[in-house]
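> Pasting a structure here, questions to come.
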Amino acid sequence: MSDARNPAQIEADIKSRRDQLAVTLDEIGVRLHPKTIVGDAKAKVASAVDQSAGRAFVAVNRTVSDVKAQFVSEDGAPRLERLVPVALVAVGLVGLLAVSVRRRRG
């Protein structure tokens with residue numbers, strides 16, 4: 001099998017490879033351009049923040065639902081047997097803080 005190519009075929013092959021190399025170099029130039037690198041980094045950070053914010057929202061929403069379920073029955077009625085003790089503790093803490101602040105000032 002001989003590779004008998006004429007000069008026109010060789011020149012066409014060289015031109016084709018030169019064009020391919022130019023396209024490859026242009027792609028490398030775009031990928032390594034500082035604006036492209038910064039843009040890619042910003043996109044990655046934004047994606048990570050979106051994912052983290054989404055996970056945080058789901059976790060907070062789940063926690064709020066769990067806490068709400070402790071104080072509200074499934075039909076939406078308040079569970080007084082749980083609300084009253086919590087309210088009394090809260091009132092007691094506020095009273096203690098008020099007394100503490102008065103003692104510091106007085």
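> Mind checking whether some residue in the stretch 79-101 is assigned to a loop (DSSP other than H, G, I, E, B), under 40 Å from the mean Cα position of the chain (by Cα) and surrounded by fewer than 10 Cβ atoms within 10 Å (Cβ to Cβ)? Let's see the steps before the verdict.
The first filter runs over the stretch 79-101 and keeps only residues assigned to a loop (DSSP other than H, G, I, E, B), leaving 79.
From what's left, under 40 Å from the mean Cα position of the chain (by Cα): 79.
Filter again for surrounded by fewer than 10 Cβ atoms within 10 Å (Cβ to Cβ), leaving none.
Scanning the stretch 79-101, I find no residue that is assigned to a loop (DSSP other than H, G, I, E, B), under 40 Å from the mean Cα position of the chain (by Cα) and surrounded by fewer than 10 Cβ atoms within 10 Å (Cβ to Cβ), so the answer is no.
> Hey, another quick one. From R55, R104, R79, which residue is in contact with a Ser or Thr (Cβ under 8 Å, 6 or more places away or on another chain) and not polar (S, T, N, Q)? Outline the logic, then answer.
Numbers: R55 fails: in contact with a Ser or Thr (Cβ under 8 Å, 6 or more places away or on another chain); R104 fails: in contact with a Ser or Thr (Cβ under 8 Å, 6 or more places away or on another chain).
Exactly one of R55, R104, R79 is in contact with a Ser or Thr (Cβ under 8 Å, 6 or more places away or on another chain) and not polar (S, T, N, Q), namely R79.
> Just checking, does the stretch 72-87 include any residue being touching a residue at least 12 places away in the same chain (Cβ under 8 Å) and in contact with a strand residue (DSSP E or B) (Cβ under 7 Å, 6 or more places away or on another chain)?
Looking through the stretch 72-87, none of the residues is touching a residue at least 12 places away in the same chain (Cβ under 8 Å) and in contact with a strand residue (DSSP E or B) (Cβ under 7 Å, 6 or more places away or on another chain).
> What's the total number of residues in the stretch 5-29 that are open to solvent by less than 90 Å² (accessible area, probe 1.4 Å) and outside any helix (DSSP H, G or I)?
1
> Does at least one position in the stretch 69-78 carry a residue that is in contact with a helix residue (DSSP H, G or I) (Cβ under 6 Å, 6 or more places away or on another chain) and outside any helix (DSSP H, G or I)?
Scanning the stretch 69-78 turns up no residue that is in contact with a helix residue (DSSP H, G or I) (Cβ under 6 Å, 6 or more places away or on another chain) and outside any helix (DSSP H, G or I).
The values are calculated or read from the model by the stated rules, or taken from the named source; none is laboratory data. Treat the numbers as computed from the prediction; the structure is a model and nothing was measured. Because the Cβ atoms are built from the backbone with ideal geometry, glycine has one as well, and the counts that use them run over all protein chains shown. When the accessible area is computed, the model is the full protein with side chains, heavy atoms only, and any ligands, DNA or RNA have been set aside. Shrake-Rupley method; radii C 1.70, N 1.55, O 1.52, S 1.80 Å.
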